[in-house]
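The values are calculated or read from the model by the stated rules, or taken from the named source; none is laboratory data. Keep in mind the model is a prediction, meaning the values are calculated, not measured. Note that we place each Cβ from the backbone using ideal geometry, even for glycine, and neighbour counts take in every protein chain shown. Side chains are part of the model used for accessible areas, which takes the heavy atoms of the whole protein and leaves out ligands, DNA and RNA. Shrake-Rupley method; radii C 1.70, N 1.55, O 1.52, S 1.80 Å.
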Amino acid sequence: MNRASNNQRPSGRFLLASSALRMLGATLLFSLMGLCVKLASAHFSAAEIVAGRGLIGVLLIAALARHQRVPLRTKLPGMHLWRGTIGVAALCLWFWAISGLPLATAMTLNQMSAIWMALFLLGGAVLMGASRLDPRLLATVLVGFVGVALVLQPTFERNQWPWALAGLASGVLAAVAYLQVTALGRAGEPELRVVFYFSLAGTGAGGALMGIVPSTTELRAWTLESFALLAAVGLTASVAQILMTSAYTHGKVLVNASLNYSGIVFSALLGWWMFGEQPGWIATLGIALIIGAGWTATALRTQQTSRTLPSDLHNE
């Protein structure tokens, strides 16, 4: 009996390959979501898109959870609240950045989470009194910020610095949110439950912002096309969140981080195809530096986390 059950258990290699495919699928869907957000921003504000995305996610995940008999009640409301707060703030800033920046640029700035986490690692080492910082990690962070300067150089010439700063801030908050996603997965929370509460937080926060910030939406914005775009944002985001959460729960951090950068390539191709956004060679070099620095930072951080960070941050 035990021998048969062991034969039916997925191997470690299969789980890693499956997680890698899920991460790749998640990055493609997030890129498609970004495209839909950019198109929908002509009809809706960022708060309205966040609220619509969250509501569609809540309905979809609730239906899936009922079908798969996954209970949505949680024993970790505080962790979900923290993840939802940080994640929704990052989402609002990212959606707003997408509305004012080339798609690949907004995606690149948001995907700087690995570099920000490396900076967190350096800061943690300083606070804990480390006598010597890893020069490789420090150099990686500096290279990453050189990449940012190259990416943003043409952007600033078009007076788009508010959207650029929003994109940078979304990357910082996304770094914290990814840590919390990993922690929830390690705590035993199913993927559907994690995504459900994040979508619920997005619905509530987006609705609250709609009541505070004056709306730019008119009745004519609710056309079949605009509703389809809003629905596409919610569907692609929800499925991508499920895939990403599963990948971070079962896969290796370094592999996930490496595949995560494929979203920049997907977004660059979509931006070129749909809007004729062709980044110059300087911006392309900056994107390459950010991808290389992010991958290196993740590799170094994976090696050093257990030695430099407090135990409550070892989940990453």
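By accessible area of protein heavy atoms, probe 1.4 Å, what ranking do H43, H80, H250, H67 get, highest first? Display every interim value, and only then the final one.
Numbers: H43 50, H80 10, H250 95, H67 150 Å².
So, going from the largest accessible area down, we get H67, H250, H43, H80.
Taking θ as phi - 60°, what are the ³J(HN,Hα) couplings along segment 184-195 by the Karplus curve (6.51, -1.76, 1.60), each to the nearest whole Hz, with x for Gly and Pro?
Once θ is set to phi - 60°, the couplings for segment 184-195 become 5, x, 5, 7, x, 6, x, 4, 4, 5, 4, 5 Hz.
Points 7 angstrom from Cα along the Cβ direction at L59 and M128: gap in nanometres?
4.7 nm
What list of ³J(HN,Hα) couplings, whole Hz, do you get for segment 113-119 from phi and the Karplus terms 6.51, -1.76, 1.60, once you set θ to phi - 60° and write x for glycine and proline?
Per-residue couplings from phi come out as 4, 5, 5, 5, 5, 5, 5 Hz.
Subtract the Cα-Cα distance of F275 and A42 from 0.36 nm times their separation in residues, and report this length gain in nm to one decimal. Write out the running numbers ahead of the final one.
Numbers: separation 233, 0.36 × 233 = 83.88 nm, distance 1.36 nm.
82.5 nm is the gain from fully extending F275 to A42.
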